[in-house]
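Report on the following structure.
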Amino acid sequence: MNAHHQLFGLFVPGTSWLHRLPVGAKFALMLVVSIVPLIVRELWLSAALLAVAAVLLTTTRIHWRRCLVLAPMIWVLAACLVAYQLIWGTWQIGLMLVANLVLCVYAARILTLTTPATALLDALVVAARPVRLVGGSPERVGLAAALMIRSIPFLFGSFSDVRAAARARGLERNLLAQLTPVVVGAVAYARATGEALAARGLGEDD
């Protein structure tokens, strides 16, 4: 699987019940599944909802690897969370945080794997209409979300590519050698994106 697409996943056409479910209902499902355990903060609830999310993903009839396999960066972050809690907290809290992390990724995949990106952004623009009351623009909210959806997988993929290159050069233990190219690439990506938006007259004051 392409590392750039391992985080949330890309839309896969299908006919499952989740594919047919209205995008608003899928948004609500994603929010409930991911936010409730963050509020309740109980390991048993996080584990139960994680199992539910995994089962829901399997009902999409999409290959299990695309649904359930996580990017290496997620496992690195999970290991850091557990290690921190083993020192400063408890192993139960560490497992709960990891379960919530994976749960949020799976909940996002329920939405992104079964819904075209255009439908997701259209729904977000509609949901953001109240920002007009404070002088905001729903369209700009949608644009910001589109940039985020595109940028996050790019950054994760960039880190994965740099790490592979560092390993090939025997620099896998040199954190600076891995982070510097990622930061430089992220800045270059942001500049290129900003220039592309400016060339189209976006981001300027109305």
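A few points about this structure:
- Hey, ALA3 farther than 15 Å from THR112 by Cβ and modelled with pLDDT of 90 or more or not: no
- For LEU70: the one exception among (1) in a loop (DSSP other than H, G, I, E, B); (2) over 28 Å from LEU147 (Cβ atoms); (3) touching a residue at least 60 places away in the same chain (Cβ under 8 Å): (2)
- Residues in the stretch 122-142 that are at pLDDT below 80, in a helix (DSSP H, G or I) and not basic (Lys, Arg): LEU124, ALA127, PRO138, GLU139, VAL141, GLY142.
- When residues of the stretch 73-93 are limited to those that are within 19 Å of the chain's Cα centre (by Cα) and without any contact (Cβ under 8 Å) to a residue 24 or more places away in the chain, the one nearest to HIS19 (Cα to Cα): TRP75
- Taking the conditions (1) at positive phi; (2) modelled with pLDDT of 70 or more in turn, ARG169 satisfies each one other than (1).
- Any hit, the stretch 101-109, residues being at pLDDT below 90 and surrounded by 15 or more Cβ atoms within 10 Å (Cβ to Cβ): yes
- Selection from the stretch 11-47 of residues that are touching a residue at least 40 places away in the same chain (Cβ under 8 Å), among the charged types (D, E, K, R) and part of a helix (DSSP H, G or I): LYS26
- Pair list, Cβ under 6 Å, 6 or more apart: the stretch 94-112 residue in a helix (DSSP H, G or I), other residue of a type in the set (D, E, K, R): LEU111/LYS26
- Within the stretch 51-67, not a single residue is assigned by TED's automatic domain parsing to the domain that holds VAL184, assigned to a helix (DSSP H, G or I), under 17 Å from LEU10 (Cα atoms) and of a type in the set (A, V, I, L, M, F, W, C).
The values are calculated or read from the model by the stated rules, or taken from the named source; none is laboratory data. What you see is a predicted model, and the numbers here were worked out from it, not measured in a lab. Positions of Cβ are backbone-derived with ideal geometry, glycine not excepted, and every protein chain shown enters the neighbour counts.
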